[in-house]
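Throughout, read-outs are computed from the coordinates displayed, never taken from laboratory work. Since the model is a prediction, treat every value here as computed from it, not as a measurement. Ideal geometry is used to build each Cβ from the backbone, glycine not excepted, and the neighbour counts take in all protein chains shown.
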Amino acid sequence: MHLFNIFTAAFSLLNIGRGVLGVPNPNSEHNLVERQARTTPILTVFPGQAALPTLADIINLNATNGTFLPIQNIQGDILVGMKKQLETFYFFHINDPASFKTALNSYVPTITSTATLLSPASSQPLAFVNIAFSSTGLQALGITDDLGDSQFSSGMYADATNLGDSLSTWESPFAGTNIHGVFLIGTDQLAPQDSYVSFYVSGIVSTFGSSITEVDRIDASARPGDEAGHEHFGFLDGISNPAVAGFSTTVLPGQTVVPSGTILTGRLGDVALRPSWTLDGTFMAFRKLQQKVPEFDAWTLENAIQNPEGTLTVQQGADYLGARMFGRWKSGAPTDITPLVDDPTLGADPQSNNNFDFAHANSSLISDQSRCPFSAHIRKTNPRADLADANTINHAIRAGTPYGPEVSSSEASSNTSTQDRGMAFVEYQSTIGNGFRFQQINWANTANFPPLKTVTPGIEPIVGQGSPRTADGLNPVDPSVGYTVPQFVIPTGGEYFFVPSISAITDVITAS
Ligand code: HEM
């Protein structure tokens, strides 16, 4: 009976996302796309990334374990990670709370659940839509409950200097607390703007009318061709996310399993007391992170390192330095497994590309940086054996998408960015101070983290902030050389949001 109920709950909601906006109106002035039934899923699993669980597998898992994550009630982007070809972030300000609530109530069938995203491809809408609210957005709607997260309550702008940001680089839409919410709209289409995404944006504009004003919009997209799934510096992304109990039906070798409450508010493992209506929501840390790609390429070439045998060309030495800054080669292969050369087959294999923890027999975890510098991006943000592999609380699910154009030939030849590109960075966690914020402040920005090493690891060279920007261990021939690394990632804005469950939207957020 229990199993039957779970099936019924999940499958009866497969049609969520196919409401009035789920299938474009062929007579619409936005008749920009071919009208045909969807045959492929909305989400794209890029090479090297973990496969998505199927709906049936999750139902079986929950039935077997006696757990029940109501994935038809959890917004779709939270648990699936970085798997979008196109994603638009539509930031809005609420002008008229009453009209907004009425419009949102009618729009709920278009808010896409996790169950819908995992349903058979033909049952999925043409694009998914999720919605999230800032603290001032909830207040504008008359919701004054303390959600149990002080960073969320104050907003990211108030936290920016704690994160290490310079407020001078923050763009005006994000400076302050004017953003009340954001729609996330994503799909698998490769072509840019005449897409289902822009069709859905038009739907939002017509549904919500003057009850909201667009404050900012970021049109993000996976990079083209072989770079799909790679961020703008060229490194495969979206490889390592934690497995979530009750959702992940397989655990990949080396993958950390976190209780569902590390990600979802109100679930087992959530550390705060919150209003009951926040069950199955999450906090989203959004960051607009500009990337100085030609400058990064030029700097790694100028500072190209050599392997112990002295056999590398300058370009190979630059790639080697970049790999040591990240802890992974551009293919995604971890330097902890393949320290001297890239191994694209390893990078593309989710069964082995996460199967390491920086510890090796006959090597000292406190002094040996020959495979991976202590300061490397993936070591600072997930220290694995440096914290005895016991850490499950400081994990979050990363679900961002690159934005901005490819580097032009003139930018490449002048080593200077003239166009804005970077990462529309998203992390989901039940407590901001344990997830994104902890990774940024306590780990990336903290020179003596990981602790108890024989040298000071230094600042994380990609997203670490602070002064001096010295990262140690990048040069394997002489790990004691400290590199003063220019800031290639510039935070230009962001906000903390709460992503409610779908029933919380109906029962609380749109209730008057
Ligand atoms: C533009 C900025 C950023 C770029 C280009 C970037 C790029 C990458 C890449 C290439 C990986 C390795 C692939 C993977 O494991 O998925 C990675 C992993 C990761 N990044 Fe970032 N990242 C950025 C910002 C951040 C920020 C701001 C944080 C948190 C404060 C963060 C946290 C992580 C975490 C937790 C991992 C997984 C580490 C692991 O489990 O091995 N990243 N990132």
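Placing a pseudo-label 7 Å from each Cα along the Cα-to-Cβ vector at residue 391 and residue 95 gives an inter-label distance of 4.6 nm.
Here the range 353-381 and the range 112-174 have alpha carbon centers that stand 34 Å from each other.
Taking amide H as placed 1.01 Å from N in the peptide plane, residue 329 has its amide H under 5 Å from the amide H of 335, each at least 5 places away in sequence or on another chain. Magnitude of the charge dipole for the chain, about its Cα centre and with charges confined to Cβ atoms of Lys, Arg (+1) and Asp, Glu (-1), is about 720 debye.
Estimated from helices alone, the mean residue ellipticity of the chain at 222 nm is -6000 deg cm²/dmol (sum of -39500 (n - 2.57) over DSSP H runs with n ≥ 4, per residue). This model, with +1 at the C-beta of Lys and Arg and -1 at the C-beta of Asp and Glu, gives the range 177-241 a dipole about its Cα centre of some 220 debye. Counted residue by residue at 0.36 nm each, then reduced by the alpha carbon distance between them, the extension gain from residue 144 to residue 314 reaches 55.4 nm.
Extending 7 Å from the Cα toward the beta-carbon at both residue 412 and residue 341 defines two label points whose distance is 2.5 nm.
Here each label is just a point 7 Å from Cα along the line to Cβ, and for residue 60 and residue 363 those points are 3.7 nm apart. Counting other Cβ atoms within 10 Å as a rough exposure proxy, the listed residues 437, 217 run 217, 437 from fewest neighbours to most. The lysines within cross-link reach of residue 330, meaning a Cα-to-Cα straight distance under 24 Å and a gap of 8 or more places when in the same chain, are 83, 84, 288, 292, 380.
Basic side chains Lys and Arg get +1 at the Cβ, acidic Asp and Glu get -1 at the Cβ, and with that the dipole of the range 351-425 about its Cα centre reaches some 100 debye. Across the range 171-181, rounded Karplus estimates of 3J(HN,Hα) from the backbone phi angles (6.51 cos²θ - 1.76 cosθ + 1.60, θ = phi - 60°) give 7, 4, x, 9, 6, x, 10, 6, 7, 9, x Hz, Gly and Pro being marked x. Inter-part distance, the range 419-446 to the range 255-291, computed on C-alpha centroids, equals 13 Å. Each of 320, 483 was scored by other Cβ atoms within 10 Å of its Cβ. Listed from fewest to most, they are 483, 320.
For the range 342-392, the Cα-based Rg and Dmax, in that order, read 11.7, 30 Å. For the range 295-300, the Karplus equation 6.51 cos²θ - 1.76 cosθ + 1.60, evaluated at θ = phi - 60°, returns couplings of 5, 4, 4, 5, 5, 5 Hz by residue, with Gly and Pro reported as x. Note on 200, 157: ascending count of other Cβ atoms within 10 Å places them as 157, 200, the fewest first. Dipole orientation for the range 382-512: of the candidates 500, 429, 442, 442 has the Cα lying most toward the positive pole (charges on Cβ; Lys, Arg +1; Asp, Glu -1).
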